[in-house]
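*Asks:* Take a look at the following structure, please.
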Amino acid sequence: MVDALFTDSLLPRQPQELAPGVIHLPGWLSVEQQDFLVAQFHRWGAGSIPPHHPEIYGKKMSVKLTSLGWHWSNYSYSRSAPEFGGRAPASVPDWLVGVGRKALQDAYSSSHASYWPQLSEPELVAWAATYSPDMALINYYAPGTSMGMHQDKEERSSAPVVSLSIGQTALFRAGNTETKTRPYQDILLASGDLLVFGGPSRFMYHGVPKLLEGTTPSGCLLPEGRINITLRVTGLHPSEKQA
Ligand SMILES: O=C(O)CCC(=O)C(=O)O
């Protein structure tokens with residue numbers, strides 16, 4: 001009975017540094033910002049590369065994916081999508097680059113991050129101001145879908161990954177940089193949450209074992225499921241192609 005009063009979902013969620021360079025800021029996006037991103041999600045999905053189930057080594061992912069800047073397929077980036085008539089994804093809009101910069105400024109401010117990047121506040125602001133993500137992966141998790149443990153390592157840059165969540169709460173598993181197995185930490189990513197992983201944890205294994213039922217906030221423009229947007233710096237030249 002008493003336990004039920006103190007479950008994770010009822011306690012206030014606090015900003016935390018899960019591991020060096022991994023910062024979780026609950027409720028970072030306002031409701032209006034979340035609504036705007038849901039509308040953008042529909043616009044992007046109606047563009048050149050519709051949300052689709054990418055195949056990994058011949059097996060379809062349960063999550064649907066579209067992207068900006070670069071097309072992602074089977075752990076590699078290309079400028080165009082052969083499976084969609086060679087069309088190129090739209091580029092990352094400036095406002096989204098700005099969101100990424102603000103995310104880094106907030107996540108790595110000294111009040112949240114004790115370890116990384118060990119810069120003074122003015123240095124940090126200057127550093128975050130140069131963050132230039134050239135790709136965004138936009139995942140849609142229908143209820144009941146998940147994503148296995150993996151590293152984001154197709155990028156040649158070690159710039160941090162910025163991750164935004166909207167819709168149903170996800171159980172997110174933040175692992176280590178060596179193996180898909182323990183040690184890892186499970187946290188809940190709810191609608192509006194920001195997660196940044198960089199520095200020594202940039203190449204951590206991570207995944208989403210499940211979505212929690214009945215957690216869509218009331219009034220959320222996404223009736224079910226979850227959108228996750230990750231911003232990345234590929235470090236690739238536009239003329240390059242991987243694989
Ligand atoms: O949905 C998430 O929170 C994680 C997404 C992810 O791991 C990825 O896009 O590589």
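*Asks:* Which order do the peptides 20-29, 34-43, 64-73 come out in when sorted by mean C-beta neighbours inside 10 angstrom, highest first?
*Replies:* On the way: 20-29: 20.9, 34-43: 15.9, 64-73: 23.4.
By packing density, highest mean first, the sequence is 64-73, 20-29, 34-43.
*Asks:* Report ³J(HN,Hα) in whole Hz for each residue of the stretch 16-22, in order, from the Karplus equation J = 6.51 cos²θ - 1.76 cosθ + 1.60 where θ = phi - 60°; Gly and Pro get x.
*Replies:* These are the phi-based 3J(HN,Hα) values: 8, 9, 6, 7, x, x, 10 Hz.
*Asks:* What are the semi-axes of the equivalent ellipsoid of the stretch 14-232, taken as the square roots of 5 times the eigenvalues of the Cα gyration tensor, listed largest first and rounded to whole Å?
*Replies:* Working from the Cα gyration tensor, I get semi-axes of 25, 20, 19 Å.
*Asks:* Going toward the positive end of the dipole of the chain, with +1 on Lys and Arg Cβ and -1 on Asp and Glu Cβ, which of 238, 135, 86 do you reach last?
*Replies:* Going by the Cα projections, it comes out as 86.
*Asks:* Between residue 179 and residue 237, 0.36 nm times their residue separation minus their Cα-Cα distance comes to what?
*Replies:* Extra length available between residue 179 and residue 237 comes to 17.9 nm.
*Asks:* Spelling out what I want: for every residue of the stretch 85-101, take phi, set θ = phi - 60°, compute 6.51 cos²θ - 1.76 cosθ + 1.60 (Karplus), and round to whole Hz; glycine and proline get x.
*Replies:* Taking θ as phi minus 60°, the curve returns x, x, 6, 9, x, 5, 7, 6, x, 4, 5, 6, 4, x, 4, x, 5 Hz for the stretch 85-101.
*Asks:* Please work out how much accessible surface residue 197 shows to a 1.4 Å probe, ignoring ligands, DNA and RNA, in Å² rounded to 10.
*Replies:* Counting only protein heavy atoms, residue 197 exposes about 0 Å² to solvent.
*Asks:* Between residue 121 and residue 156, what is the label-to-label distance in nm when each label sits 7 Å out along the Cα-to-Cβ direction?
*Replies:* That separation, rounded to one decimal, is 3.8 nm.
*Asks:* What distance in nm separates the simple spin-label points at residue 91 and residue 62, each placed 7 Å from Cα in the Cβ direction?
*Replies:* A separation of 3.7 nm, rounded to one decimal place.
*Asks:* In deg cm²/dmol, rounded to 500, what helix-only [θ] at 222 nm does the chain give when every DSSP H run of at least 4 residues adds -39500 (n - 2.57) and the total is split over its residues?
*Replies:* The helix contribution divided over the chain gives -5000 deg cm²/dmol.
*Asks:* In nm, to one decimal, how far is the modelled label at residue 142 from the one at residue 33, with both set 7 Å along Cα→Cβ?
*Replies:* 3.0
*Asks:* Right, another one. Tally Lys/Arg at +1 and Asp/Glu at -1 over every other residue whose Cβ is under 13 Å from the Cβ of residue 109; what's the total?
*Replies:* Spelling it out: positives minus negatives among the neighbours equals -2.
*Asks:* I need the peptides 129-139, 50-60, 90-100, 179-189 ranked by packing, meaning the mean over residues of other C-beta atoms within 10 angstrom, with the highest value on top.
*Replies:* Answer by packing, highest mean first, reads 129-139, 90-100, 179-189, 50-60.
*Asks:* Follow-up. Run the reach check for residue 102 against aspartates and glutamates, Cα to Cα strictly under 19 Å, same-chain hits fewer than 8 apart removed. What comes back?
*Replies:* Filter leaves 17, 32, 35, 94, 121, 123, 134, 193.
*Asks:* Identify all lysines with a Cα-Cα distance to residue 210 below 27 Å; exclude those on the same chain that are fewer than 8 residues away in sequence.
*Replies:* 59, 60, 64, 153, 180
*Asks:* What length, rounded to one decimal in nm, is gained on full extension from residue 11 through to residue 83, with 0.36 nm per residue of separation minus their alpha-carbon distance?
*Replies:* 21.4 nm
The values are calculated or read from the model by the stated rules, or taken from the named source; none is laboratory data. For clarity, every value in this text was computed on a predicted model and none was experimentally measured. So basically every Cβ, Gly included, is an ideal-geometry build from the backbone, and we count neighbours across all protein chains shown. Each accessible area value is taken on the protein alone, full model and side chains, heavy atoms only, with ligands, DNA and RNA left out. Shrake-Rupley method; radii C 1.70, N 1.55, O 1.52, S 1.80 Å.
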